[in-house]
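Have a look at the structure below before the remarks.
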Amino acid sequence: MSTANQSNVRKPEPGAGTQTRPTVLVVDDEVRSQETIRRVLEEEFDVLECSSAVEAEGLLEREWIQIVLCDQRMPKETGVEFLTRVRERWPDVVRIIISGYTDSEDIISGVNEAGIYQYITKPWNPESLLLTVRGAARLCQLQRENQALNLELKVTANRAESQVAVKREDLRRRFEFDRLIRAPGSSLNTVCELAQKIAPHDISLLIMGESGTGKELLARAVHYSSPRSDKPFVTENCGALPDQLLESELFGYKKGAFTGAYTDRIGLFDIADGGTVFLDEIGDISPAFQVKLLRVLQEGEIRPLGSARTRKVDVRVVAATNRNLKEEVRSGRFREDLYYRLAGFSLEMPALRHRPEDIPLIATHLFESGRARFGNSVEGFTPETMQRMRAYNWPGNVRELGNEIQRMLALTEGPLLDADLLSFDLSDKESAATEVWIGEPDLGGGDLRNRVEQLERKILYETLLRHRWNKSRAAEELGLSRVGLRAKLRRYELEPAADRAHGRTATNA
């Protein structure tokens, strides 16, 4: 008997210490057979020998054994019976039967009950035996590598899941409603309060407002305050793409659907399944694409370009536009049924010129983030700079304000951002005159015709003011056409002021 089986110290697990050779346990009641097998294997393997199943189990408890070669005919029990117990207690051990008999029932039992790797018959060929044990050792190595990979995948998956959860929480914090910068008395507060109320409810949302007012930020705040917040938020600018390209971006395509479609591509609706799709500039899509989008919203399914089959998708659609979609519907340029599909709830982002109280807060926030990026030590704005920024009408809204602050940070050489760093348009006093452009109409004195004209002028002025100088809405309320309204604005010398309220000069109005 080998001296190795006399040790009571458990050997290190293969790969954990210095051991590199697999260990083979030979179980045979004939000592000569044990010695013969050992001589064949000992150059490549550590070989342990024993004469009974009881002795073998003791070795399996103390040693790291990868392969068991067991004789089928042994006193008290068969090799299959012993290897069946080995399979239950040490399932990773590779099991091989050696027998001088070729009983088919023994072979079937060995395969089914003991899960043997190979059935070797006597007399065996030394080279065949060595090849068989090499194959068993390779199988054992692959099993160990597979276990290690499974463990690593599990750890990696857990780590990835944890990282995703952290990033998702960071996104929730970054895009919560409180991050939409505004003063206590801002007109944006009402918009945010309404948006927070509808965010948990799975209805479509239409956000209107001029370019640069923060429509996408509001859409993200709605998404990350909704039950869909753990699913994707994807965006697409519908006004920037022709119909076919927009369709392929949103709905995907199959290989060969058009020239250049070399592989299948998943569309944004598929990517956002369970989440939110933000469709910016929705008012710019063509009538043909309006029909396709309407069907998707009605049926809740998409069909990729080049595919004959449709796929169900579950998305919440938030659309945005700087157009007056109601006016577009009345003029026939936008489908009424699509409008009502998109406008399950409508919100309008106020222009920056209508919330001057927010300008110092927004400017300071943009200044702080910009200063870190430019790496200078500017301390802030001069009072005159802030005063001029509050007075300007900002046709580009927050986006224009951000560009202006970056420009000043790039040009400044002093500790404060001076008013002379402002761009030409912003420094122009004419363009800064937004609110104070006329006095209120004087209704006192004059004949009846003069008083009626003054009253009409006052009504025009108040209606335009109420609709934030939107001529289409003012004309609708007054029962006038746009041409008629423009004529009255000219008659009462209100047109230049209305143009200045929109950042236009009399020349380009």
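How high is the FRET efficiency between GLU77 and ASN112 when r is their beta carbon distance and R₀ equals 25 Å, given to the nearest 0.05?
Calculated value: 0.90.
Calculate the spin-label point distance for THR190 paired with ASP243, positioning each point 7 Å from the Cα along the beta-carbon direction, and give it in nanometres.
It is 4.0 nm.
Once volume of the Cα convex hull per residue in Å³ is worked out from the coordinates, which option in (i) 271; (ii) 158; (iii) 141 does it equal?
For volume of the Cα convex hull per residue in Å³, the calculated option is (i).
For SER307 and SER211, calculate 0.36 nm times their separation in residues minus their Cα-Cα distance, and state this gained length in nm to one decimal.
On the way: separation 96, 0.36 × 96 = 34.56 nm, distance 3.62 nm.
Here the answer is 30.9 nm.
Express in whole angstrom the spacing between the alpha-carbon centres of region 138-184 and region 32-106.
Answer, in whole Å: 45.
Any idea what the relative contact order of region 353-432 is, in percent, if you count C-alpha pairs under 8 Å spaced at least 6 apart? Walk me through the numbers before you get to the answer.
On the way: 79 pairs, mean separation 30.0, N = 80.
Here the relative contact order equals 38 percent.
About the Cα centre of the chain, what is the dipole size in debye to 20, counting +1 per Lys and Arg Cβ and -1 per Asp and Glu Cβ, all else neutral?
Details: 71 positive and 79 negative charges, 405 e Å.
Dipole magnitude for the chain comes out near 1940 debye.
Grab the Cα-Cα distance for ASP314 and ARG39, subtract it from 0.36 nm times how many residues apart they are, and report the gain in nm with one decimal.
Stretched fully, the ASP314-ARG39 segment lengthens by 92.2 nm.
Give, in nm to one decimal, the length gained when the segment between THR412 and GLU55 is fully stretched (0.36 nm per residue of separation minus the Cα-Cα distance).
On the way: separation 357, 0.36 × 357 = 128.52 nm, distance 8.77 nm.
Computed gain between THR412 and GLU55 is 119.7 nm.
Over the chain, what relative contact order in percent results from Cα pairs under 8 Å that are six or more residues apart? Kindly include the intermediate steps, with their values, before the conclusion.
On the way: 722 pairs, mean separation 49.4, N = 509.
Normalised by residue count, the contact order of the chain is 10 percent.
Using a 7 Å offset from the Cα along the Cα-to-Cβ direction at both ASP264 and VAL452, what is the distance between the two label points in nm, to one decimal?
7.4 nm
What's the angle, to the nearest 10 degrees (0 to 90), between helix 53-62's Cα axis and the longest principal axis of the chain?
Orientation of helix 53-62: about 40 degrees from the principal axis.
Quick one: of LYS458/LYS488; LYS231/LYS312; LYS197/LYS471; LYS254/LYS312, which pairs are farther than 19 Å apart, Cα to Cα?
Numbers: LYS458/LYS488 12 Å; LYS231/LYS312 16 Å; LYS197/LYS471 31 Å; LYS254/LYS312 16 Å.
Distance filter (> 19 Å) returns LYS197/LYS471.
Considering only the chain, what is the antiparallel percent among its DSSP beta bridges, to the nearest 5? It would help to have the intermediate numbers written out before the result.
Values: 4 of 42 bridges.
Close to 10 percent.
Between region 242-258 and region 185-229, what's the alpha-carbon centroid distance in Å?
Using only Cα atoms to place each centre, the spacing works out to 29 Å.
Taken together, the values in this text are just the output of simple stated rules run on the coordinates, not laboratory data. None of these values were measured; they are calculated from a predicted model. Positions of Cβ are generated from backbone atoms using ideal geometry, with glycine treated the same way; all protein chains shown enter the neighbour counts.
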